[in-house]
Amino acid sequence: MAEELWSLLGHSRSLSHEPWPRWEESLLIENELEIIVQFNGKLRGKLLVPAELPQSDYESLARAHADFLSWLGDKQVRKVIVVPGKLINFAVG
């Protein structure tokens, strides 16, 4: 079936004689990461952050984001848990 489709695409040489596709290593590197933002262990949203951003800056980005201001409000943040490249959890009371 692949040979049939290959010939219908206009190729005269057999598909079995074609080389494997090449990939570019630089395109495999992620530029942005999607970080899960939780409040008291419940998913409340996601945040796109640059891949090279240090984990110490995750908290300030989440606190400044408009989507999460209502969850923080005037509540006291008891603890912040950061899992680098994955999530940030605010324990609020």
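Rounded to the nearest 0.05, what FRET efficiency do K46 and E24 give with R0 = 30 Å and r taken as the Cβ-Cβ distance? Could you check? Let's see the in-between values first.
Numbers: r = 28 Å, r/R0 = 0.92.
That pair, K46 with E24, gives E of 0.65.
Antiparallel DSSP bridges in the stretch 24-92: what percent, to the nearest 5?
Details: 14 of 18 bridges.
Once the DSSP bridges in the stretch 24-92 are tallied, antiparallel ones form about 80 percent.
What is the magnitude of the charge dipole of the chain about its Cα centre, with +1 placed on the Cβ of each Lys and Arg, -1 on the Cβ of each Asp and Glu, and no other charges, expressed in debye to the nearest 20?
Values: 10 positive and 13 negative charges, 151 e Å.
Dipole about the Cα centre, nearest 20: 720 debye.
With a 10 Å radius around each residue's Cβ, average the other Cβ atoms per peptide and rank 23-30, 63-70, highest first. Intermediate values should be presented prior to the final figure.
Values: 23-30: 7.1, 63-70: 11.6.
Going by the mean number of other Cβ atoms within 10 Å, highest first, we get 63-70, 23-30.
In the Gaussian network model of the chain, springs joining C-alpha atoms below 10 Å, which of Q38, Q55, Q76 carries the largest mean-square fluctuation?
Most flexible of the set in this elastic network: Q76.
Calculate the translational D of the chain in whole µm² s⁻¹ from Stokes-Einstein, where the hydrodynamic radius comes from the Kirkwood formula applied to all Cα pairs, the temperature is 37 °C and the viscosity 0.692 mPa s. Could you put the intermediate results ahead of the total?
Values: Rh = 16.7 Å.
Once the numbers are plugged in, D ends up at 197 µm²/s.
Whole-Hz Karplus ³J(HN,Hα) for the stretch 51-65, in order, using 6.51 cos²θ - 1.76 cosθ + 1.60 and θ = phi - 60°, x for Gly and Pro?
4, 8, 5, x, 4, 5, 8, 4, 4, 5, 5, 5, 5, 7, 6
Bear in mind that the values in this text are calculations on the coordinates, not laboratory data. Since the model is a prediction, treat every value here as computed from it, not as a measurement. Using ideal geometry, Cβ is built from the backbone for each residue, glycine included, and neighbour counts are taken over all protein chains shown.
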